[in-house]
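The values are calculated or read from the model by the stated rules, or taken from the named source; none is laboratory data. None of the values given here were measured: they were computed from a predicted structure. Cβ placement follows ideal geometry from the backbone for every residue including glycine, while neighbour counts extend to all protein chains displayed. Surface accessibility is based on the protein's heavy atoms, side chains included, excluding ligands, DNA and RNA. Shrake-Rupley method; radii C 1.70, N 1.55, O 1.52, S 1.80 Å.
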Amino acid sequence: MPFKYDPGKLGPQEVEIAITHCGICHSDLHLIANDWGTSQYPFIPGHEVIGKVSAVGDEVRLLEVGQRVGLGWQSNSCGVCEWCTRGMENLCLAAEATCVHRNGGYADRVRANARFVIPIPDALDSEHTAPLLCGGITVYNPLRTHGINPSSRVGIVGIGGLGHLAIQFAKVFGAEVTAFSTSAAKEEEARALGAHHFVNSRESKALKEVAGTLDFVLSTINADQDWGVYVSTLRPTGTLCFVGIPPSPVSVHIFQLISGLRSISGNPTGSPYRLKEMLDVAARHGVKATTESFPMAQANTAIDKVKKGKVRYRAVLAN
Ligand SMILES: [Zn+2]
Ligand SMILES: [Zn+2]
């Protein structure tokens, strides 16, 4: 039996979305298992939502009933702190995640503050766009924050749910893109997505060959690696940025950072402004997720397949 709940009266600044699509993100799997100790049950995951506005609160100005919209990881923030007023709501200390202590998008309906509900450009179809709302912005935001441009040499570690989007965006920004994967079989796919070079990261010789060649390396994987090797791929002033979460602490020799002014960084999703910008870029440049679709009622089957790493590259639930 599907779980039912009464969401109460719609808040004045809230929007209700009738969900047509919701992507499955790895964070959902962590939240289902309460890996981060924040989950409350019964738990409704889902934070890559696309649907149509079904109701708007009294104070909502910019959105209308019937409009196609998206909702990502974040559903609310304080709106008045330094970070919110600087357009970096993703850094707000009072930020509310769509499915942490709120009911998420594996559902018919979901609610969020209107500031986090983003219109979807007509050129984008819902199934291939839903994963951009979390997976896409997670890789788009660091590429933008670190000023990736046509002179940049970018490495993307891992060709999966996040990596296959990161390669496309880095290519759109004009960068020379090097894809790193432990699976030689992914070379062709990486190149089709826009990678100029492919490095089999199981081969230490191949890794040594790219030492000192990259400006920015984005790691999308959830596995432990010899991160010092990736820091050595950086040119002076280069950054190794994490969006995937390896289980163990990252250990590198600080001398590697001091020499060459290199740094290690991370990125938490993106602001509503960046989400709008990303969707516009995706619409103009044809960036889309490679997806496999499942009916919403088969969410458990889909989650199982994602857990086993059998979905290329993002599962999307459809109502
Ligand atoms: Zn996510
Ligand atoms: Zn705030």
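Report, by residue number, each residue of segment 64-98 that is more than 10 Å from ligand 2 (Cβ to nearest atom) and of a type in the set (Gly, Ala, Ser).
The answer is 66, 70, 72, 75, 87, 97.
For segment 295-304, state whether one or more residues are under 14 Å from the mean Cα position of the chain (by Cα), under 25 Å from residue 29 (Cβ atoms) and open to solvent by less than 50 Å² (accessible area, probe 1.4 Å).
No: segment 295-304 contains no residue that is under 14 Å from the mean Cα position of the chain (by Cα), under 25 Å from residue 29 (Cβ atoms) and open to solvent by less than 50 Å² (accessible area, probe 1.4 Å).
In segment 305-314, which residue that is within 11 Å of residue 24 (Cα to Cα) and not aromatic (Phe, Trp, Tyr) is farthest from the chain's Cα centre (by Cα)?
305
Where in segment 226-287 are the helices (runs of 4 or more DSSP H), entirely inside, with at least 3 residues that are within 16 Å of ligand 1 (Cβ to nearest atom)?
Counting at least 3 such residues, we get 272-285.
Could you look through segment 12-28, keep only residues that are at pLDDT 95 or above and open to solvent by 20 Å² or more (accessible area, probe 1.4 Å), and pick out the one that is farthest from ligand 1 (Cβ to nearest atom)?
My answer is 12.
Under the condition of being among the polar types (S, T, N, Q), farther than 24 Å from residue 145 by Cβ and modelled with pLDDT of 95 or more, which residue from segment 199-250 is most open to solvent (accessible area, probe 1.4 Å)?
248
Among the residues of segment 293-301, is there at least one that is more than 16 Å from ligand 2 (Cβ to nearest atom), among the aliphatic types (A, V, I, L, M) and farther than 28 Å from residue 36 by Cα?
No; the residues of segment 293-301 include none that is more than 16 Å from ligand 2 (Cβ to nearest atom), among the aliphatic types (A, V, I, L, M) and farther than 28 Å from residue 36 by Cα.
Please go through segment 215-225 and give me each residue that is part of a strand (DSSP E or B) and of a type outside the set (Phe, Trp, Tyr), ordered by number.
If the condition is that a residue be part of a strand (DSSP E or B) and of a type outside the set (Phe, Trp, Tyr), then 215, 217, 218, 219 are the ones that fit.
Being in a loop (DSSP other than H, G, I, E, B) and exposed (fewer than 15 other Cβ atoms within 10 Å of the Cβ) is the filter here, so list the residues in segment 168-198 that pass it.
174, 183
Quick check on residue 48: is it at negative phi, of a type in the set (Asp, Glu) and out of contact with any Cys (no Cβ under 7 Å at 6 or more places or on another chain)?
When the stated conditions are applied, residue 48 does not pass them.
Going through segment 266-292 one residue at a time, which ones are under 17 Å from residue 162 (Cα atoms) and among the polar types (S, T, N, Q)?
If the condition is that a residue be under 17 Å from residue 162 (Cα atoms) and among the polar types (S, T, N, Q), then 267, 269, 290, 291 are the ones that fit.
Is it fair to say residue 35 is acidic (Asp, Glu) and assigned to a loop (DSSP other than H, G, I, E, B)?
When the stated conditions are applied, residue 35 passes them.
Looking only at segment 195-207, which residues are over 20 Å from residue 167 (Cα atoms) and in contact (Cβ under 8 Å) with a residue 24 or more places away in the chain?
Listed by number, the list holds a single entry, 204.
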